[in-house]
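In what follows, a structure is listed as structure tokens, so that the remarks can point back to it.
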Amino acid sequence: MKTIISLKDVEEMIRQGSDLSALTNGALLTPSARDLLRDWEEGSLKQRPGLAVKPGANLTAIAPAAAAPSIHAGSSQTELEAYFRSAACEELKRQICAMGQRLWQREYVDGNGGNLAIRVGDGVALCTPTLVSKGFMKPEDLCLVDFTGKQLLGSKPRTSEILMHLQIMQRQPKAVASVHCHPPHATAFAVAGVQPPTCMIPEFEVFCAVAIAPYRTPGTPEMGQLVAELVGEHNTILMANHGVVTWSHNNVEEAYWRMEIIEAYCRTLLVASQLGKPLKTFTPDQMQDLLKIKQNLGFVDPRYRLKECELCDNDEWRPGVVCAAPQPPAGGVAPGADPHPEAEAVVQAITNQIMARLGKSL
Ligand SMILES: [Zn+2]
């Protein structure tokens, strides 16, 4: 018997119809495994996707004493240290490192960019350090912070962008974990300020609910504030001229999946929009079906209160490349004449501005 029981272990036991009393009293459960057992006990397990349930397992043998020591912002240094070294915390550190590796492998982070956080107690979070590539973090690099951003434990300084994660968790009590990175295609939408159109791919509709937050300097309370204002009904925030942040009410891997889904969706849209055909969308009732699935999974979405006919409004979406240069006047251009005198004037004006700025900064 393994000493740490993970979510996957419990799911497997439920699938097999195993008697869960086989878990010894001394077993340590990860927070997500504990949540699953609680759902099971409360009879709400059927809401979890892809988990065929065989009822009848006896959970009473899982003693509360097996749970990780619980901490809060006012816990003593000794309590915090005991938690930080506990098997449950080590498991969460391992999960953060694993997700960091996946972000790096998929090229969603550049340099030392990106950061991850998990709520581990009332007013306390585990997070990534600053100035370490997310692809090469070790569990001992991670930091424990309170919700003001003050570092409680960890040998490396915490990420400079932690305030945004903490503000998300404060504003959205369901948020257990959050992931921030710079995936190129989704970030392209954030740079252009274009809300990705909807009603085209089921995975995206079910897992993501997207909003765009205006640009502020990374790491400032203003940036976190603007993101936090959107997390009541959105779980995927495009940060203008910066990147993307996602949150999950389940675990850090789900917040990571959300990142894969928004990035793949934006990439697909950019490719599809070059095919020269209008993009096909779901019918309103097909969309309504997806929203029902989404609601059952407990994911937020502002469209639950919309009528069917309002669901697929993509007015903002203008796919394709448009040439912005003015057309030559009717009747053609005289040989040797500039075909785009207005365009030339614009280029000259921009050049003058750049030269003026350079002059100031020299
Ligand atoms: Zn960033």
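Values in this text are rule-based calculations from the coordinates and carry no lab data. Nothing here was measured: the structure is a model prediction, and the numbers come from that model.
Computed over the range 159-265, the percent of Cα pairs more than 21 Å apart is 24. Taking the DSSP beta bridges with both ends in the range 124-244, the antiparallel portion is around 70 percent.
Structure shown: which of Lys93/Lys292; Lys93/Lys150; Lys138/Lys294; Lys174/Lys292 lie over 26 Å apart, alpha-carbon to alpha-carbon?
Working: Lys93/Lys292 34 Å; Lys93/Lys150 19 Å; Lys138/Lys294 35 Å; Lys174/Lys292 19 Å.
Lys93/Lys292; Lys138/Lys294, as the Cα separations exceed 26 Å there.
On the principal axes of its alpha carbon atoms, the range 161-205 extends 32, 23, 15 Å, with the longest extent given first.
Cα centroid separation, the range 81-153 to the range 251-318: 30 Å.
The range 226-310 gives an Rg/Rh value of 0.99, both radii derived from C-alpha positions and Rh following Kirkwood.
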